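The values are calculated or read from the model by the stated rules, or taken from the named source; none is laboratory data. Just so it is clear, the structure is predicted and the values come from calculations on it, not from any experiment. A quick note on method: Cβ atoms are made from the backbone with ideal geometry, for glycine too, and the neighbour counts reach across all protein chains shown. These area figures cover heavy atoms from the full protein model, side chains too; ligands, DNA and RNA do not enter into them. Shrake-Rupley method; radii C 1.70, N 1.55, O 1.52, S 1.80 Å.
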Amino acid sequence: DKNNVVVVPFDNVLDTDRVMQVNEDQYQMGVLSAQWLQKQLGKRAGKILEVRGVPGNSVDRDRHEGFQSTMKAGGSKFDIVEVVGNWDDGTARKATADAIAVHGRFDELFTQGGSTGSVRALMDAHHPFIPMAGEGENGYRKLIAEHAKDGLKGFSYGQSPALAAVAIKAAISALKGNTMPQMISVPIPTADYTNL
């Protein structure tokens, strides 16, 4: 608060305790994705493609750590191939296509963002649809709804549109002199192929 200006980041998490932030638990997004994929694969081992976000970003790091720690704690041995998709459909599509070309068939897929691009890469390569966890992007959710019957068992988590409204309310409350928490966490909206 300087000159009665309150800044409240709400779409990306900053690695600082010097500002009030509104977001969702990014680590938990990785955990939820891993738990969902583990249920799909069961107790057997498998080859999983992880399409990461922007390198060096705290959100990418936290989602990755949540995903990896949960997969490793699950008891089954997973071969996880990591590529960088930058949360971008075009980049994720190319990274997924390259991974398929190099590694062959995957059993499951986790894409932090650019999920539509990852699905399109599967389709381009004539790779069978597989269980996939990805961001709450409209294109991805439409593809899940369209291709669930063909084997695209998709799980989708997302950044709630309510983050902006909560950030505005938090800023107004802070300007009124109320003590506010450093992190305000909003529940993570999820959907999957059974309800899309």
**Asked** So, with a 1.4 angstrom probe, what is the percent of accessible area on the stretch 1-152 that is carbon and sulfur?
**Response** 49
**Prompt:** Using only helices, what value at 222 nm comes out for the chain when you add -39,500 (n - 2.57) per DSSP H run of length 4 or more and divide by the total residues, to the nearest 500 deg cm²/dmol?
**Reply:** -13000 deg cm²/dmol
**Request:** Would you please put 105-117, 25-37, 157-169 in order of how densely packed they are, using the mean number of other Cβ atoms within 10 angstrom per residue and starting with the highest?
**Result:** 105-117, 25-37, 157-169
**Asked** For the chain, modelled as a GNM with alpha-carbon contacts under 10 angstrom, which of V186, V102, V19 fluctuates the most?
**Response** V102
**Asked** Which angle from 0 to 90°, rounded to the nearest 10, does the C-alpha axis of helix 58-73 make with the longest principal axis of the chain?
**Response** 50
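Set the bar at 24 Å for Cα to Cα. Now go through K47/K72; K72/K142; K47/K94; K39/K149 and name every pair that lies beyond it. Show your work: numbers first, answer last.
Working: K47/K72 13 Å; K72/K142 31 Å; K47/K94 19 Å; K39/K149 18 Å.
K72/K142, as the Cα separations exceed 24 Å there.
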**Prompt:** Is the chain rounded, prolate or oblate when judged by the Cα gyration tensor, a ≥ b ≥ c being the square roots of its eigenvalues, rounded requiring a/c under 1.5 and prolate requiring a/b larger than b/c?
**Reply:** prolate
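May I ask you to derive the relative contact order of the stretch 48-196, considering only C-alpha pairs under 8 Å and at least 6 residues apart, and to give it as an integer percent? Working shown, then result.
Details: 243 pairs, mean separation 28.5, N = 149.
Relative CO of the stretch 48-196 lands at 19 percent.
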**Request:** Note the angle between two axes, namely the Cα long axis of helix 162-175 and the longest principal axis of the Cα atoms of the chain, as a number of degrees from 0 to 90, rounded to the nearest 10.
**Result:** 20
**Complete:** Helix 89-103: inclination vs the chain longest Cα principal axis, degrees, rounded to 10, gives 40
**Asked** Roughly speaking, what is the centre-to-centre gap between the stretch 58-77 and the stretch 113-147 when only Cα atoms are used, to the nearest Å?
**Response** 21
**Request:** Please give the solvent-accessible surface of M20 in Å², to the nearest 10, using a probe radius of 1.4 Å with every protein chain present.
**Result:** 30
